[in-house]
Amino acid sequence: MRTQICIIGGGPSGLLLGQLLHLGGIDTVILERRTRTHVLSRIRAGVLEHGLVSLMREAGVAERLDREGFVHDGAIIASPQGQTRIDFDRLTGKSVIVYGQTEVTRDLYAARDRVGAPVIHETEDVTIHGADGDAPFVTYRKDGQDHRIDCDFIAGCDGFHGVSRQTIPASVRREYEKVYPFGWLGVLSETPPVHDELIYAASPRGFALCSMRNANLSRYYVQCPLTDRVEDWSDQAFWTELRRRLPPEVAERLITGPSIEKSIAPLRSFVTEPMRWGRLFLCGDAAHIVPPTGAKGLNTAASDVHYLYRGLCQWYEDHDAKGIDDYSAKAVLRIWKAERFSWWMTNLLHHFPEQSDFDIKMRDADLAYLRDSDAAQHSLAENYVGLPF
Ligand code: RFL
Ligand code: PHB
């Protein structure tokens with residue numbers, strides 16, 4: 001088989017890139033290791049920046065997002081010092097949209113079905129060949145048969161555990177990583193959200209987040225030790241711990257119910273550079289990971305997709321390599337800013353096991369500064385709603 005761009009990974013990065021390239025008249029094949037049902041059962045991001053929403057509109061897949069997404073003009077930062085509302089609208093003139101990643105992915109699959117572009121699911125042993133030459137190809141196995149796809153370029157959209165990043169020789173790759181000494185235990189429940197905006201809560205017992213998907217679907221998280229297993233947490237234990245970490249008046253209003261999903265995610269900051277090796281381009285979680293505190297993962301994937309699809313269109317339309325040559329530097333510049341913000345939010349709001357009294361005082365001072373300073377709130381808001389791309 002031959003295609004122009006072979007996309008590895010049928011998550012949001014691969015699907016959005018595929019849709020935009022399709023509209024640009026460029027052929028793609030997507031290879032995905034899991035089934036569609038599995039991809040659509042992963043509960044992940046919930047907060048979309050304006051940049052991602054614009055890209056979804058440009059890709060012609062925002063009809064439901066525009067109808068069902070919830071505009072959020074602010075969020076609450078709670079701590080023992082009180083609650084501070086960060087007014088995104090007043091501070092930046094912008095907002096974010098609450099719309100689940102699962103729905104984004106569902107809309108993108110539906111669009112790909114409509115245009116009849118291929119997604120090959122349950123591919124095994126996907127291997128990239130010749131990415132440093134002029135005739136790259138990808139091999140894989142499906143249903144016991146070997147296959148080969150020849151292409152012009154390969155987009156590695158296969159997430160943190162994919163094969164694309166590992167294909168870049170270690171002598172070329174530079175990796176930067178920070179692993180946090182805790183995870184997030186998340187629960188999805190068919191209950192009304194405790195508040196109409198997100199609440200990020202710092203407490204001496206650890207961090208908690210109140211988020212949502214719609215008027216009767218809530219998403220809550222509590223920071224937990226990495227050694228905890230989901231089976232250790234009954235619903236009752238989760239609700240009790242969440243209540244303890246929230247301001248008392250919020251805890252009183254919390255409506256609980258059975259969890260319909262419960263999972264633990266470790267927290268990590270990670271960047272690999274460069275994001276291009278020959279004809280292979282890394283995109284999204286394949287190249288970088290942020291702790292979810294700043295809600296930036298899916299949104300940084302979107303800026304990668306934006307730069308890459310523009311660069312590839314420029315290559316095919318004008319025979320101009322500038323866009324793809326600049327891809328890595330442009331993408332990385334924005335990513336480090338999102339990394340900084342996510343790291344800062346994580347430090348501000350979590351309890352660290354090794355924290356000294358001095359560290360705690362610094363954190364309290366940071367929270368007090370945020371509460372009392374419009375400049376500090378402006379900085380948080382500007383980053384949260386998303387830096388331009
Ligand atoms: P994905 O979603 O991991 O998709 C990669 C796809 O590649 C497939 N794959 C392979 N396919 C073929 N061959 C192989 N060898 C393959 N290896 C892997 C996988 O099966 C998968 O389908 O990466 P992508 O597309 O780059 O998307 C990134 C986002 O999923 C991620 O950044 C966000 O979910 C992060 N994130 C959040 N981001 C936000 O912007 N806002 C948020 O509010 C937010 N909340 C979150 C989050 C992530 C979380 N977890 C679980 C890590 C909350 C949580 C709890
Ligand atoms: C979510 O709703 O899953 C969510 C929201 C905000 C975050 C992280 C996750 O910062």
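Applying 0.36 nm per residue to the separation of His319 and Gln166 and subtracting their alpha-carbon distance, the gain on full extension is 52.2 nm. Using a 10 angstrom Cβ neighbour count of at most 16 plus a DSSP loop assignment to flag exposed GluC sites (Glu not before Pro), which longest range of the chain is free of such sites? It works out to 191-353. Placing +1 on the Cβ of every Lys and Arg and -1 on the Cβ of every Asp and Glu, with nothing else charged, gives the range 57-144 a dipole about its Cα centre of roughly 340 debye. Here's the picture: a label point sits 7 Å out from the Cα of Glu354 along the beta-carbon direction, and within the range 170-193 the residues with their amide nitrogen under 14 Å of it are 178-182. Restricting attention to the chain, close to 75% of DSSP beta bridges with both partner residues there are antiparallel. What is the angle, in °, between the Cα long axis of helix 235-245 and the longest principal axis of the Cα atoms in the chain? Nearest 10 is fine, range 0 to 90. In the chain, helix 235-245 runs at an angle near 70 degrees to the longest axis. For Phe182, the residues whose modelled amide H falls within less than 5 Å of its own, excluding neighbours fewer than 5 places apart on the same chain, are Leu267. Of the residues Ser54, Ser269, Ser164, the one that moves most in a GNM of the chain with alpha-carbon contacts below 10 Å is Ser54.
Using the Karplus relation 6.51 cos²θ - 1.76 cosθ + 1.60 with θ = phi - 60°, the per-residue 3J(HN,Hα) values for the range 37-42 come to 4, 5, 4, 7, 9, 7 Hz, with x marking Gly and Pro. Shape class of the range 116-194 from the Cα gyration tensor (axes a ≥ b ≥ c, square roots of the eigenvalues): oblate, since a/c reaches 1.5 or more and a/b does not exceed b/c.
Between Asp285, Asp146, Asp304, the Gaussian network model of the chain with springs among Cα atoms under 10 angstrom shows the greatest mean-square fluctuation at Asp146.
Simple point charges give the picture: +1 on the Cβ of Lys and Arg, -1 on the Cβ of Asp and Glu, and for the chain a dipole about the Cα centre of about 260 debye. Per-residue Cβ neighbour counts within 10 Å put Arg44, Arg2, Arg244 in the sequence Arg2, Arg244, Arg44, beginning with the fewest. The ranking of Leu55, Leu17, Leu226 by Cβ neighbour count inside 10 Å, starting from the fewest, reads Leu226, Leu55, Leu17. Between 0 and 90 degrees, rounded to the nearest ten: what's the tilt of helix 297-318 against the longest Cα principal axis of the chain? The helix 297-318 is inclined about 30 degrees to the chain.
Between the beta carbons of His378 and Asp125, assuming R0 = 41 Å, the FRET efficiency works out to 0.25 to the nearest 0.05.
Maximal additional length on extending the Asp89-Asp66 stretch stands at 6.5 nm, based on 0.36 nm per residue less the C-alpha distance. GNM on the chain, alpha-carbon springs under 10 angstrom: the most fluctuating residue among Gly82, Gly294, Gly69 is Gly82. Per-residue Cβ neighbour counts within 10 Å put Ser189, Ser95 in the sequence Ser95, Ser189, beginning with the fewest.
Among Val126, Val138, Thr167, whose Cα sits farthest toward the positive end of the charge dipole of the range 112-192 (+1 at Cβ of Lys/Arg, -1 at Cβ of Asp/Glu, about the Cα centre)? About the Cα centre, the residue reaching furthest to the positive side is Thr167. Computed from the C-beta positions of Glu177 and Gln236, the FRET efficiency with R₀ = 45 Å rounds to 0.80. Here the Karplus relation 6.51 cos²θ - 1.76 cosθ + 1.60, evaluated at θ = phi - 60°, turns the backbone of the range 203-220 into coupling constants of 9, x, 8, x, 6, 9, 9, 9, 10, 7, 10, 7, 5, 10, 9, 10, 10, 10 Hz, with x for every Gly and Pro. Rounded to whole numbers, the Karplus 3J(HN,Hα) couplings from phi for the range 55-72 are 5, 5, 5, 4, 7, x, 10, 10, 4, 6, 4, 5, 7, 9, x, 9, 7, 10 Hz, using 6.51 cos²θ - 1.76 cosθ + 1.60 with θ = phi - 60°, and x at Gly and Pro. In the chain, the longest principal axis of the Cα atoms and the axis of helix 357-372 are about 90 degrees apart.
Along the charge dipole of the range 287-361, which of Ala301, Ser328, Pro353 sits closest to the positive end, that is, farthest toward it, with unit charges on the beta carbon of Lys, Arg, Asp and Glu (+1, +1, -1, -1)? Result: Pro353, furthest along the dipole toward the positive end. Ordering Pro12, Ala75, Leu209 by Cα displacement along the dipole of the chain toward the positive end leaves Leu209 in first place; charges were set at the Cβ atoms of Lys, Arg (+1) and Asp, Glu (-1).
Every number in this text was worked out from the coordinates using simple rules, so none of it is lab data. This one's a predicted model, so the numbers in the text were calculated from it and none came from an experiment. Cβ: placed from backbone, ideal geometry, glycine included. Neighbour counts: every protein chain shown.
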